[in-house]
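The block underneath contains the structure these notes are about, expressed in structure tokens.
Please treat every number below as a calculation from the coordinates, not as lab data. Worth saying up front: this structure is predicted, and the values here are computed from it rather than measured. Methodologically, a virtual Cβ is constructed for each residue, glycine included, from the backbone with ideal geometry; neighbour enumeration extends over all protein chains shown.
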Amino acid sequence: MARESNAVTITCDMNSVHAKTKSRQYLTGVLFLAATLTVETHACDTGTVRDAAFYSVRDTFWLGMVFEENDAESRDRYERMAAWLERQGTVLNIQAEHILPDDVIYLRLRYGVEKPPEQLPATYLAGRHPAESRSVVFMTWASAPEPDFLEGLRSNPVLARITEETPEHWGCVLYSPGNGKRRGEIEAAVAQWKRNHAPGVSMIEVDRHNGENQFLCRVAGMDKSDDDWAGVVFGKGKLMTPVLVGQAIT
């Protein structure tokens, strides 16, 4: 039943955010999961919702590698992966764990996995579902993720822009075009907020077909349909739900 854990918290650089928020000592998240529904305009105008989100507990993602205690090759891969995450300091909020195959209760509670993997080793990347308060596996690997995958999270341009722009605005509108029919409405809404509700919101475009955004899209619930997709990120990388898809974008 033993487990090993290496915890790392995903945030943006502490110094840059501290400079942007002056006396506030809070951090903006890079990855996001949340369970907040609608926000009334007057609450946004006063900053109540946004400021509270900066002080809220951040979400953590779990990277669990399942292998037998005596599997030296898998242990070596796990230890190199965990050490890499630890070296990132405050850049990534991914907690690496070694899980024994017979630890079925932990797999179910932490990862939402009902039974051990049929083949070992196996790795799950999971987090909490924002609306249903349950664990969800976002990605799986037959062994362990390649270093390029984790490096891609650390250097992802979309996540970097969220980190940079969230402290400067009420939030960021993530827009992933499908057929592009709703682009004009979204751009008009963003412009209106900038005019009427300083400091406004920014708009960040997400290419859901770009492999570099694969994890972000899965966490946000984007699919590869032809419908436009939009969601608002605020605070420590919190994503307002429900997100808007297709004709729901108004």
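Remarks
- Where the Cα pairs of region 124-178 fall when distances are cut into 10 Å bins, in %: 18, 31, 44, 7, 0
- Going by neighbour counts of Cβ atoms within 10 Å, the residues Thr140, Thr123 line up, fewest first, as Thr140, Thr123.
- Three-way shape call for region 152-216 based on the alpha-carbon gyration tensor, with the a/c threshold at 1.5: oblate
- Under conditions of 20 °C and 1.002 mPa s, region 64-120 yields 174 µm² s⁻¹ as its translational diffusion coefficient, taking Rh as the Kirkwood radius over Cα pairs in the Stokes-Einstein equation.
- Relative pair counts by distance (%), Cα atoms of region 112-240, 10 Å bins: 11, 35, 34, 14, 4, 1
- Region 87-142 - Rg over Rh from alpha carbon coordinates, Kirkwood radius: 0.99
- Rounded to 5, the percent of DSSP beta bridges in region 53-181 classed as antiparallel: 65 percent
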